[in-house]
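J.: So that we are looking at the same thing, I have put the structure below in structure tokens.
Since every read-out is calculated from the coordinates, none of them should be taken as a lab result. Just so you know, these numbers come straight off a predicted model, no measurement behind them. Heads up, the Cβs are rebuilt from the backbone with ideal geometry, glycines too, and the neighbour counts pull from every protein chain shown.
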Ligand code: ADE
């Protein structure tokens with residue numbers, strides 16, 4: 001039976017889901033608090049991973065091993081790379097890749113994990129369709145595209161150009177591809193849903209606290225529809 005792991009990047013983002021959780025129980029593992037219960041009538045495990053790929057990878061493997069989740073959703077904010085994206089728009093992952101995996105000195109393309117069959121991890125087609133449907137119903141502007149992850153906050157237009165030209169990324173963040181790789185290794189479906197907080201070019205200073213609340217409400221509405229549809 002279905003059990004959904006939901007990982008948030010920030011406290012604010014899992015707050016609304018936590019408040020709506022029934023029969024809540026919490027467990028701490030590797031410093032991460034996991035809340036199990038039901039949300040919108042569905043069995044879920046909610047947690048905040050912290051920032052970066054290692055936190056995201058550890059959190060995802062624990063969700064699978066200790067909590068038996070059958071699918072993983074990641075929700076958070078990201079920097080827009082695609083020129084048509086505006087702040088507040090949503091990116092739904094078609095697939096994820098680690099942009100900071102760099103063995104170009106050995107002749108491998110940027111983002112390619114040496115001696116491994118795949119370096120880009122496709123999201124679950126059914127979850128993509130459900131998220132797209134939710135966005136359409138909510139009249140939420142969205143784009144389905146490549147999510148690039150690395151242990152770097154991107155804040156330069158040169159890097160934006162490079163990530164677009166070399167890896168065709170739609171947005172940059174710091175966790176998605178780690179979640180995606182762990183799910184791939186365990187044969188578990190996943191989806192990343194990101195709300196654009198900036199344009200990754202170091203300009204347009206965003207009121208992060210204010211934005212986070214708006215972004216959380218947006219992703220909460222999308223997650224509600226995905227969970228209710230499942
Ligand atoms: N999360 C939000 N904005 C980001 C950026 N510009 N780079 C990496 N992660 C982000």
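J.: Looking at the range 1-133, send over the antiparallel percent of its DSSP beta bridges, to the nearest 5.
T.: Working: 15 of 25 bridges.
Given both bridge residues lie in the range 1-133, the antiparallel proportion sits at roughly 60 percent.
J.: Cα centroids of the range 124-168 and the range 1-56: how far apart, whole angstrom?
T.: 22 Å
J.: Helix-only mean residue ellipticity at 222 nm, the chain, DSSP H runs n ≥ 4 weighted -39,500 (n - 2.57), per residue, nearest 500. What is it?
T.: -10500 deg cm²/dmol
J.: Can you sort 3, 95 from fewest to most other Cβ atoms within 10 Å of each residue's own Cβ?
T.: With the fewest neighbours first, 3, 95 line up as 3, 95.
J.: Quick one: angle between helix 157-167 and the longest Cα principal axis of the chain, in degrees between 0 and 90, rounded to 10, please.
T.: 80 degrees
J.: On a 0 to 90° scale, report how tilted helix 53-65 is relative to the longest principal axis of the chain, with both axes built from alpha carbons and the result rounded to the nearest 10.
T.: 40 degrees
J.: If contacts are Cα pairs under 8 angstrom and at least 6 residues apart, what is the relative contact order of the chain in percent? Spell out each step's value before the answer.
T.: Numbers: 517 pairs, mean separation 62.9, N = 230.
That works out to 27 percent.
J.: Suppose the chain between residue 25 and residue 3 were pulled fully straight at 0.36 nm per residue; how much longer would it get relative to their current alpha carbon spacing?
T.: 6.4 nm
J.: Would you please classify the overall shape of the range 75-183 from the alpha carbon gyration tensor, given that a ≥ b ≥ c denote the square roots of the eigenvalues, rounded means a/c under 1.5, and beyond that prolate means a/b larger than b/c while oblate covers the rest? Please list the in-between numbers first.
T.: Details: a/c = 2.38, a/b = 1.44, b/c = 1.65.
Oblate.
J.: What is the helix-to-structure angle for 208-229, meaning the angle in degrees between its Cα long axis and the longest Cα principal axis of the chain, kept from 0 to 90 and rounded to the nearest 10?
T.: The two axes meet at around 60 degrees.
J.: Then there's this: Extending each Cα 7 Å along its Cβ direction at residue 221 and residue 137, get the distance between those two points in nm, one decimal.
T.: About 1.2 nm, to one decimal.
J.: Considering all projection directions equally, how large on average is the shadow of the alpha-carbon convex hull of the chain, in square nanometres?
T.: Details: hull surface 48.1 nm².
That works out to 12.0 nm², a quarter of the Cα hull's surface.
J.: For 190, 142, which order do you get if you count the other beta carbons within 10 Å of each Cβ and list the fewest first? Walk me through the numbers before you get to the answer.
T.: Numbers: 190 27, 142 21.
Final ranking by Cβ density, sparse to dense: 142, 190.
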